[in-house]
Amino acid sequence: SSQQFESQKLFKDIHTLYFNLMAAQLGSGAVIVSLERRLRQIVSNLQTTLDELENKERNMKRLRNKFVRSELLQLRRSELGKRIFGRTRTKTINDVLVAWRNLARWRTNIRDNFRLQVGIKKYDGDLEKRKASNKYTRRENPDAPETILHRYTNRVIHCVNCKSAFRQSTNHAHACPYHSGEFKVACPKSCARLREKKESGGNVRAVHPKCMTHYKRRWSCCDQTKAIPFGRDGCQNRYHQAPKEDLEAVTIATKVSEMRAKAQLTQNRLSEEVKKWQLLSRSSRIDDLCAIRKRLIAERKIVSSFVEYEYTS
């Protein structure tokens, strides 16, 4: 009476549950065995398929090689060589072209060197001839006649900027000194107040009491306080500049133009005389040819008058 369940009823329930579990276990085992057998068959079929695929790939490769070989055998020798020895042929052609290029450069250098040596020897020979005939430059022969160009380049003119006298033949890039800045009252570049003014953008007072000792007129480019006329003590250099209106240059140019015009007139006169003499020579040749023609006609008439006579021995 103290038990909660009756033994007969509990036995019946346990017995039913046990056999149900056993039946389910047997059914599950049968299903597992069936699935294992099916999986083993699938694996076997898959392995067979893989073996057949490898065999077919080998056969396809053999057939492709055979087909490619038959195609290559039908090609020309040049195309076959291009396919088989393409890289080697390209490399060989490139090497040959590089060798030809080096050979061409070497020949060009040899030819240029030969021309240079010939030019140097010719120049030396011409120089020796000029020295032997005393017709070389005025530096070597002061007694040589002065040319217009020599007279123009050695004339004395005054620079527009520094007002100094110079010659065009001796003018160079450091001949004319000048200042690139302004000559004004200012602090030197080493002034601390000036640096503070530049850093602050101009908010600092321009003239400070401490700057009164060095606040004077100076060049803004180099801080020099001396003002030499025309900036002849400048910190930079340049070429002397000739005046735009140069009477002597105009005179020389006018003289040169007159000489050229005179030479052109002389040349024209000589060419007209040459043409006239050519015409005279042509007319005289025509007259001579006409005289020869008349003489031949007269001689042929004399010969034709004796054609009807026969010579007898």
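Things to note:
- Whichever residue in segment 213-224 is open to solvent by 70 Å² or more (accessible area, probe 1.4 Å) and either in contact with a strand residue (DSSP E or B) (Cβ under 7 Å, 6 or more places away or on another chain) or under 15 Å from Lys184 (Cα atoms) (or both) and, among such residues, is modelled with the lowest pLDDT: Tyr215
- Qualifying residue in segment 185-193 (condition: in contact with a His (Cβ under 7 Å, 6 or more places away or on another chain), aliphatic (A, V, I, L, M), modelled with pLDDT of 70 or more and not in a helix (DSSP H, G or I)): no
- Across segment 140-159, a minimum of one residue is classified as open to solvent by 60 Å² or more (accessible area, probe 1.4 Å) and at pLDDT 80 or above.
- The set of residues in segment 241-253 being surrounded by 10 or more Cβ atoms within 10 Å (Cβ to Cβ) and more than 44 Å from the chain's Cα centre (by Cα) consists of Glu248, Thr251.
- Residue selection: Ser44 fails the criterion of being loosely packed, with under 10 Cβ neighbours inside 10 Å, assigned to a helix (DSSP H, G or I), without any contact (Cβ under 8 Å) to a residue 60 or more places away in the chain and not basic (Lys, Arg).
The values are calculated or read from the model by the stated rules, or taken from the named source; none is laboratory data. As the structure is a prediction and not an experimental result, all values here were calculated from the model. Note that we place each Cβ from the backbone using ideal geometry, even for glycine, and neighbour counts take in every protein chain shown. Accessible surface areas use protein heavy atoms only, side chains included; no ligands, DNA or RNA. Shrake-Rupley method; radii C 1.70, N 1.55, O 1.52, S 1.80 Å.
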